Amino acid sequence: MKRAWQHFQQYKPLLKELVGRDLKVKYRRSFLGYVWSLLNPLLMMCVMTLVFSYMFRFDIPNYPLYLITGQTLWSFFNESTNMSMYSVLQNGALIKKVYIPKFIFPISRVLSSFVTMSFSLAAILIVMVFTKAPFCWTILLFPVPLFFLLLFAMGIGMVLSALSVYFRDITHLYGVLTLAWMYATPIFYPVSALPDKIMPIIKMNPMYSYITFFREIVLYGTVPDPVMWLRCALFSLVALVVGLTVFRKMQRNFILYI
């Protein structure tokens, strides 16, 4: 962990360059450019609000804000981990030429997605204004769940990027896993719709904790209880440690497979 942090500090300029490159590639030849980071969550929210609040009759107060808060965090996690999964393979030519700490590549993809999500937070503010949601002081805590989620995504991203070098099937399996994971997370449906007997299982879902934490401070104006803080921190720490450990052990033979 200490060595990884030293490498992170040493190669910080390279990390910034990689993040900048990812952002430029993402919006290359796009007329609206970064504006899509704002429009995408708003347009998705409008479509999903129409489908789930009217057709399925989910009776949730301020459903547009409920939906966009969960959707924004999930979109970041889904995009960042999927991009991380291909990061080592796509930079194979560079890895063969010069020495670079290889974990820089999945981390740069997660950070570039995090920057994109930062623009999307403006969409949440717009929805709060249009739906006349109260602005409570607890909204100032919004960096906390986002930081926990960032660390969690980094850990998962490193595991996926390492596994995909050896097992290319993981790139296909992960799409199925994230689809199931999304439906197991209360993004567009209320937690009250779930049977009480499966709630202990749902609470083991890290994304449930991050999204619930974020909604409590933004939507409901309450401070999450200490158990929620501890759960979020624990998920993040475990994912990061496991990610670094798995990546370090598997990176030795990357050169033979990329």
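The values are calculated or read from the model by the stated rules, or taken from the named source; none is laboratory data. Quick caveat: nothing in here was measured; it's all calculated off a predicted structure. Ideal geometry is used to build each Cβ from the backbone, glycine not excepted, and the neighbour counts take in all protein chains shown.
Filtering the stretch 218-225 for residues that are touching a Lys or Arg at 6+ places or on another chain (Cβ under 8 Å) and farther than 30 Å from LEU256 by Cβ leaves an empty set.
Would you check if PHE188 is aromatic (Phe, Trp, Tyr) and part of a helix (DSSP H, G or I)? Give the derivation first.
Working: aromatic (Phe, Trp, Tyr): yes; part of a helix (DSSP H, G or I): no.
For PHE188, the condition - aromatic (Phe, Trp, Tyr) and part of a helix (DSSP H, G or I) - is not met.
Can you tell me which residue within the stretch 226-251, out of those that are in contact with a Lys or Arg (Cβ under 8 Å, 6 or more places away or on another chain) and within 15 Å of LEU151 (Cβ to Cβ), is modelled with the lowest pLDDT?
In the first step, residues of the stretch 226-251 are kept if they are in contact with a Lys or Arg (Cβ under 8 Å, 6 or more places away or on another chain); the result is 231, 247, 251.
So of that shortlist, the ones also within 15 Å of LEU151 (Cβ to Cβ) come out as 231, 247.
Details: ARG231: 95, PHE247: 92.
Top of the filtered list is PHE247.
Residues that are in contact (Cβ under 8 Å) with a residue 24 or more places away in the chain and among the β-branched types (Val, Ile, Thr) within the stretch 140-186 comprise VAL144, ILE156, VAL159, VAL165, ILE170, THR171, THR178, THR185, listed in sequence order. Kindly establish whether VAL246 is loosely packed, with under 13 Cβ neighbours inside 10 Å, out of contact with any Phe, Trp or Tyr (no Cβ under 8 Å at 6 or more places or on another chain) and in a helix (DSSP H, G or I). No; evaluated as a whole, the condition is false for this residue.
Hey, can you tell me all the residues within the stretch 57-85 that are touching a Ser or Thr at 6+ places or on another chain (Cβ under 7 Å), of a type outside the set (A, V, I, L, M, F, W, C) and closer than 29 Å to LEU18 by Cβ?
Step one: filter the stretch 57-85 for residues touching a Ser or Thr at 6+ places or on another chain (Cβ under 7 Å), giving 62-65, 67, 72, 74, 76, 78-80, 83-85.
Among the residues that remain, those that are also of a type outside the set (A, V, I, L, M, F, W, C) are: 62-64, 72, 78-80, 84.
Matches in the stretch 57-85: THR72, ASN78, GLU79, SER80, SER84.
Within the stretch 168-190, being surrounded by 11 or more Cβ atoms within 10 Å (Cβ to Cβ) and more than 16 Å from the chain's Cα centre (by Cα) holds for ARG168, ILE170, THR171, LEU173, PHE188, TYR189, PRO190.
Considering the stretch 200-243, the residues that are crowded, with 21+ Cβ neighbours inside 10 Å and more than 19 Å from the chain's Cα centre (by Cα) include one that is nearest to TYR66 (Cα to Cα), namely LEU219.
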